[in-house]
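J.: Structure below; questions to follow.
The values are calculated or read from the model by the stated rules, or taken from the named source; none is laboratory data. Predicted model, so just to flag it, every value in this text is computed and none were measured. Every residue, glycine as well, gets a Cβ built from its backbone with ideal geometry; the counts of neighbours run over all protein chains shown. Surface accessibility is based on the protein's heavy atoms, side chains included, excluding ligands, DNA and RNA. Shrake-Rupley method; radii C 1.70, N 1.55, O 1.52, S 1.80 Å.
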Amino acid sequence: MTSTEFTRNTENFCYRHPDRQSFVLCQRCLRTICPECQTQAAVGVICPECMKEQVRAQTPAQRTAQRRWSRRPSGSVAVGGRPVVTYSIIGVTVAVFLLQLLTGGAVDQWLAFYAPWLYPSVTGVFEPWRILTGALVHSGFWHIGLNMLALWMIGRSLEPLLGRWRFLTLYVVGALGGSVAVALLAFTTPVVGASGAIFALFGALVVIGRHIGAEVKGIMIVLGINLVIGFLPGFGISWQAHVGGLVAGALLGLIYARTRRASQLGWQIALTVLLVAALIGLLVLAPLIWV
C-alpha cells in the first residue's frame, strides 16, 4: 500500500519500469533505477543507457584491455539485484550458531557483548571486537530464527533499495548502536543477538519510507509491538539493544534520505563517519556512569 503522494511522485520509481520502487540513482544521469537496470561501476551503479554510452566511448585499446582482464563484460547487470548481503549475513550468523552448538557455548564466551571488557582500566581486559560480534551469537533456535526471519523479510526490500554497501553499513551501525546503548544503560549485562541491527533496519525503513512518500503505518505497528515486547518482564530481552539499534538506524536512514543525489555522496560518507564516531564516543561515558 502506498500513499497518493508517493504514487504521484515518479522520481520514486524506476524510469524504465514505472511500477518498481527504488531508492538508487544512476550515478551519471541521476535517474532512479531498479535492481534489474543497475550496472555496477567504479563510482556506483549506472543505467543501461549510460552503460551503452560508456561502451561506445571506449577506445579500441580499452576494449582490448577489458576483454583481457575482466571476467565478465562491463555491460552485465550485477547479480540480478538479489539481496546478496542479506543472504550472506544470514549465512554467517547461522554458521556461527552451529559453532555455538558444536563447541558447547565456547563461542558465546569469545564473541558475546559484555561492556566491562571494553575498558582495560576497569577490568584489565580489552576485547573491542565484542561491540559487533555480539550480533552474531544467539541464545537459542527461537532467538536466531526470529531474527534471521526479520532480516530476510526486510533485507529483500531494503537492500535493493539502498544498494549493498549502504545496507551493510546500516546493519553494522545498528549492531554498534545496540551495543552502545547496552553499555550506557545496562553496563554489567551480557548480551547476544542481532536485535540491535534488526531494529536499525526497521528504523531506517520507516524514515526512508516517510521521505519518499511510502505508506509506513504497517511497519510502524510491527515495530511498536516488537519494541513493547522488549520491556515486558520474563522474556529476557535486552530492550536497551533494541532502542540503541533503532535510534542509530533511524539516524543513518535520515542521512541516506537527505543525501540521495550523486553530488551529495561526499556528505553522505562524512555524515556516516560522524555518526559512527559519535556512537564510539558515547562509549567513553559508560564507565563514568557505572564505575
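J.: Return the only residue of Leu158, Leu168 being open to solvent by 40 Å² or more (accessible area, probe 1.4 Å), closer than 30 Å to Thr39 by Cα and in a helix (DSSP H, G or I).
T.: The match here is Leu168.
J.: Sticking with this one: Would you point out the residue of the range 112-130, among those that are aromatic (Phe, Trp, Tyr) and within 23 Å of the chain's Cα centre (by Cα), that is surrounded by the fewest Cβ atoms within 10 Å (Cβ to Cβ)?
T.: Trp129
Yes/no per residue for (1) free of Cβ contacts under 8 Å to residues at least 24 places away in the same chain; (2) among the basic types (Lys, Arg):
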residue: Ser195; (1), (2): no, no
residue: Phe199; (1), (2): no, no
residue: Leu205; (1), (2): no, no
residue: Gly213; (1), (2): no, no
residue: Lys217; (1), (2): yes, yes
residue: Gly224; (1), (2): yes, no
residue: Val247; (1), (2): no, no
residue: Ala257; (1), (2): no, no
residue: Val276; (1), (2): no, no
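J.: Collect the residues in the range 99-118 that are in a loop (DSSP other than H, G, I, E, B), out of contact with any Gly (no Cβ under 9 Å at 6 or more places or on another chain) and either modelled with pLDDT of 95 or more or not hydroxyl-bearing (Ser, Thr, Tyr) (or both), keeping them in residue-number order.
T.: Scanning the range 99-118 gives Gly104, Gly105.
J.: Restricting attention to helices (runs of 4 or more DSSP H) lying wholly within the range 176-291, give those where 1 or more residues are surrounded by 18 or more Cβ atoms within 10 Å (Cβ to Cβ), touching a His at 6+ places or on another chain (Cβ under 9 Å) and of a type in the set (A, V, I, L, M, F, W, C).
T.: It comes to 195-211, 239-258.
J.: Would you mention how many residues in the range 205-233 are under 30 Å from Arg261 (Cα atoms) and not hydrophobic (A, V, I, L, M, F, W, C)?
T.: 7
J.: Here is a follow-up. Please identify the pairs in which a residue from the range 133-155 that is open to solvent by 20 Å² or more (accessible area, probe 1.4 Å) has its Cβ atom under 7 Å from the Cβ atom of a residue that is outside any helix (DSSP H, G or I), counting only partners at least 6 apart or on another chain.
T.: Every condition considered, the pairs that remain are Ser139/Val192; Ser139/Gly193; His143/Gly193.
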